[in-house]
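Asker: What follows is a structure written as structure tokens; I'll ask about it next.
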Amino acid sequence: MSPCLLKAQSTFRLNGKVDALKNGDTVFLIYGKGNQQIVDSTRVQDGRFTFQGTVEYPILSALYLHKNPYQTKLAAGEKMDYLRFYLEPVTMQLQAKDSLKHIRIQDSPSNTLHRELQSQLKANNETFQRFVRQAQALPPEKLKDKTIYDSLLNREQELLRESYEIHLAFADQHPDAYLSLISLSHVAAQPGMAERAAKVYQKVPEKLRRTPLGRDIPLQLAAPTLTQLGSTAPDFEQSTPEGKAVKVSDFKNQYVLIDFWASWCGPCRQENPQIVKAYQTYKAKGFTILGVSLDFPGQKKAWLKAIEKDQLTWTQVSDLKGWENAAAKQYGIRSIPANFLIDPSGKIIARYLRGEDLQRELSQIFANK
């Protein structure tokens with residue numbers, strides 16, 4: 001009976017009821033499973049729809065009405081009705097009167113905890129969004145002022161640290177919940193937080209520590225030490241869009257910028273012109289870039305389009321696992337853009353170079369070359 005019981009424990013069922021939906025409307029369920037993007041769909045009847053399948057642990061998922069946005073491009077100005085939520089191996093009741101986005105989920109421990117966490121993060125998120133809007137409204141010439149730019153970066157880091165403290169407190173309060181592993185993964189690699197995060201991780205039950213995310217936490221806890229200035233850059237291997245395997249260690253006797261980004265990351269795309277400028281200026285002097293994309297399964301076309309549009313002519317690699325990117329975990333990446341500058345001996349000599357900082361660093365390196 002054991003295999004049957006295990007299967008039963010991993011089965012999910014969604015019972016949806018949205019009064020405003022019409023007979024024949026299509027609802028798509030999209031989620032990641034291993035290295036695959038799973039796409040399921042069903043027709044609405046009397047405002048009701050159901051989905052069933054298997055997952056081993058909670059997975060961030062989405063419901064979309066009428067179309068799969070990863071497959072069908074949205075028209076200009078088109079807005080989708082969708083819901084992001086955690087899919088977990090239980091039977092969940094989803095109810096709303098008018099739209100997917102207003103669905104309330106019942107009988108789902110993970111989504112109940114997620115609402116609790118989002119409530120705790122609400123004030124910080126709203127402050128961060130206001131900060132982003134204010135920064136984006138600044139004239140370009142002001143962003144070139146180092147004093148102003150540094151103050152923006154400091155404020156950004158301050159707000160991020162506030163969010164990390166909330167995540168850490170949440171994980172400490174709910175060590176038996178899978179969502180606590182997700183919160184720990186946000187903070188484990190952050191400077192000055194590894195020791196406290198490690199103590200909370202010790203409270204996590206063994207069965208959760210054996211999950212893929214649980215096994216990754218110790219790697220993330222070690223990342224700040226492994227990637228500190230003066231350390232030898234951790235080696236990794238990922239593939240180019242054409243399928244060629246590339247390692248960090250392939251770039252011998254060069255200055256290499258390992259640049260973590262993604263096609264969906266607005267700040268990354270805004271930063272790309274600075275990186276293009278640096279590459280064009282110093283590539284003939286022994287400088288190159290290794291781009292590592294945190295695009296998700298099913299987003300290869302978006303990745304390739306962004307490479308072309310932003311004119312990123314250096315080597316690009318990805319395993320197309322989003323935040324589960326193996327190299328990102330190795331380097332403790334939980335926000336992007338992020339980068340590491342490696343010298344010809346393979347040592348990390350600078351990190352998180354944003355804006356004009358990259359230009360200044362490279363100009364000093366190559367001043368006499």
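Each value in this text was obtained by applying a stated rule to the coordinates, not by laboratory testing. Keep in mind that what you see is a predicted model, and the values were worked out from it rather than measured. Counting neighbours? That spans all protein chains shown, and the Cβs are built from the backbone with ideal geometry, glycine included.
Asker: If the cut-off is a Cα-Cα distance under 16 Å, which lysines reach K244, setting aside same-chain residues fewer than 8 apart in sequence?
Answerer: The reachable lysines, counting only those whose Cα sits under 16 Å from K244, are K300.
Asker: Same structure, new question: Per residue of the range 156-168, in order, report the coupling 6.51 cos²θ - 1.76 cosθ + 1.60 (Karplus, θ = phi - 60°) as ³J(HN,Hα) in whole Hz, putting x for Gly and Pro.
Answerer: Result, ordered by residue: 4, 5, 4, 5, 5, 4, 4, 5, 5, 5, 5, 4, 5 Hz.
Asker: How long is the gain from Q364 to E158 if the chain were fully straight, where each residue apart is worth 0.36 nm and the alpha carbon distance is subtracted?
Answerer: Result for the pair: 71.3 nm of gain on full extension.
Asker: Please give the peptides 245-255, 186-196 ranked by average Cβ packing (other Cβ atoms within 10 Å per residue), highest first, as a rough proxy for protection.
Answerer: Ranked by mean Cβ neighbours within 10 Å, highest first: 186-196, 245-255.
Asker: When Lys and Arg each count +1 and Asp and Glu each count -1, what net charge do the other residues less than 11 Å away from P175, Cβ to Cβ, add up to?
Answerer: Working: positive: K199, K203, R209; negative: D172, D176.
So the environment of P175 carries a net charge of +1.
Asker: Could you let me know the centre-to-centre spacing of the range 111-155 and the range 298-369, using Cα atoms, in angstrom?
Answerer: The range 111-155 and the range 298-369 have Cα centres separated by 22 Å.
Asker: In addition: Please give the length that would be gained between L74 and V39 if that part of the chain were fully extended, namely 0.36 nm times their separation in residues minus their C-alpha to C-alpha distance (nm, one decimal). Mind dumping the intermediate values first?
Answerer: Details: separation 35, 0.36 × 35 = 12.60 nm, distance 1.75 nm.
Taking L74 through V39 to full extension adds about 10.9 nm, to one decimal.
Asker: Using a Förster radius of 56 Å, what is the FRET efficiency between T315 and K101 based on their Cβ-Cβ separation? Nearest 0.05, please.
Answerer: Efficiency at R0 = 56 Å is approximately 0.90.
Asker: Under 13 Å Cα to Cα from K347, which aspartates and glutamates show up? Leave out anything in the same chain fewer than 8 places away.
Answerer: D235
Asker: To continue, here is another question. All other residues with a Cβ under 13 Å from the Cβ of V27 taken together, and with Lys, Arg as +1 and Asp, Glu as -1, what is their net charge?
Answerer: Net local charge, V27 excluded: +3.
Asker: If packing is taken as the mean number of other Cβ atoms within 10 Å per residue, what is the order of 117-130, 51-64, highest first? All intermediate terms of the calculation are to be shown ahead of the outcome.
Answerer: On the way: 117-130: 13.4, 51-64: 18.3.
Final packing ranking: 51-64, 117-130.
Asker: Tally Lys/Arg at +1 and Asp/Glu at -1 over every other residue whose Cβ is under 9 Å from the Cβ of F131; what's the total?
Answerer: Value of the local net charge: +2.
Asker: What are the lysines whose alpha-carbon lies under 21 Å from the alpha-carbon of K22, with same-chain residues fewer than 8 places away excluded?
Answerer: Once the sequence-local lysines are set aside, what remains near K22 is K67, K79, K97, K101.
Asker: Continuing with the same structure: Provide the gained length on full extension for the span K146 to A198, in nm with one decimal, where the gain is 0.36 nm per separating residue minus the Cα-Cα distance.
Answerer: Numbers: separation 52, 0.36 × 52 = 18.72 nm, distance 3.61 nm.
Working it through step by step, the gained length comes to 15.1 nm.
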